[in-house]
Amino acid sequence: MIYKKNDTTPYLIIANWKMYFSYKEACAWAATYSENIAQLLHDKNISFILCPSFDALANIAPAITHNKLYLGAQDCSAYQLGAYTGQIAAESLAQLACSYCLVGHSETRKYTTNIDVAQKVKQLLEWDICPIICIGETQKEYEQSRTIDVLTQQLEPLKNIFENRNITPYIAYEPIWSIGTDTVPTNNHLNYVYKSLDQLCARWNFKKPLFIYGGSVSVSTIKELNKVSYIRGILIGRASTDFQKIKTLVSLIEKD
Ligand code: PGA
């Protein structure tokens, strides 16, 4: 079971809206449903993190007033303010009331390097924004049983970054072959991956992370995912744009 009413650390539901909505659609969705989401969570130890695209952050921030709702960004620059055309600084995300930020999502990681992803995490920590570090292997790497090697390479540049920081590392395992495909890994595979990551982090003295799962989380896949006790939250893409699906997911992750 992944969420218990008496857990002290909140279970995270991370809504990654990607670029599904236009600016106006994103603002309208948040204005319509933020309060409803807050109501869904009022007696639950769940935090809901809404990650719209950059353009909508400023407009949506005032709607995120409830203490279980947070604003998140989908990425950030690896650099401080400066001559970086088209980039968004962690400093600006902090000013826009972002408490969380995705980094290394496979849809952004493919245009950058593992070292750059670590630089992004550093920038976020400077501004007290909690990074959600996404890692995952391709279908081919999975078939070649290279999952743990790939995840290790992705995490390696982050080894010492959380030292002396108050922020908990969230690591989101998102197999690329699972994103948007309606396919989720078996629980055997997930337990193996999280256990390996746990051991790796302990070996590295990496501050103890909390694990998230992402990739085709839906009303039909959540029940099996619930059985993986390592999972402390879910990262939802497509299904997070539909309030009814969020409502059902919230009801399905709760266990006494
Ligand atoms: P999905 O996306 O839920 O649509 O598979 C997940 C993600 O990319 O974070």
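When the stretch 211-220 is examined, which residues are found to be hydroxyl-bearing (Ser, Thr, Tyr) and either near the ligand (Cβ under 9 Å from one of its atoms) or surrounded by 23 or more Cβ atoms within 10 Å (Cβ to Cβ) (or both)? Once the filter is applied, which keeps residues that are hydroxyl-bearing (Ser, Thr, Tyr) and either near the ligand (Cβ under 9 Å from one of its atoms) or surrounded by 23 or more Cβ atoms within 10 Å (Cβ to Cβ) (or both), the stretch 211-220 yields TYR213, SER216, SER218. The helices (runs of 4 or more DSSP H) located wholly in the stretch 43-129 that include 1 or more residues which are open to solvent by less than 40 Å² (accessible area, probe 1.4 Å) and among the aliphatic types (A, V, I, L, M) occupy 54-60, 90-95, 114-126. Here the condition is being touching a helix residue (DSSP H, G or I) at 6+ places or on another chain (Cβ under 9 Å) and within 16 Å of the ligand (Cβ to nearest atom); of LYS208, LYS245, it holds for LYS245 alone.
A search for C-beta distances below 7 Å between a residue of the stretch 11-39 that is at negative phi and any residue that is among the basic types (Lys, Arg), counting only pairs 6+ apart in sequence or on different chains, returns TYR11/ARG232; LEU12/ARG232; ALA38/LYS68. Scanning the stretch 165-209 for residues that are assigned to a helix (DSSP H, G or I) and among the aliphatic types (A, V, I, L, M) returns ILE176, LEU190, VAL193, LEU197, LEU200, ALA202. Looking only at the stretch 130-160, residues that are assigned to a loop (DSSP other than H, G, I, E, B) and open to solvent by less than 20 Å² (accessible area, probe 1.4 Å) come to 2 in all.
The requirement of being more than 15 Å from the ligand (Cβ to nearest atom), part of a loop (DSSP other than H, G, I, E, B), out of contact with any Pro (no Cβ under 7 Å at 6 or more places or on another chain) and under 22 Å from HIS189 (Cβ atoms) is satisfied by VAL228.
The values are calculated or read from the model by the stated rules, or taken from the named source; none is laboratory data. Every value quoted in this text rests on a predicted model; they were computed, and no experiment measured them. Counting neighbours? That spans all protein chains shown, and the Cβs are built from the backbone with ideal geometry, glycine included. The protein model used for the area step is the full one, side chains on, heavy atoms only, and it has no ligands, DNA or RNA in it. Shrake-Rupley method; radii C 1.70, N 1.55, O 1.52, S 1.80 Å.
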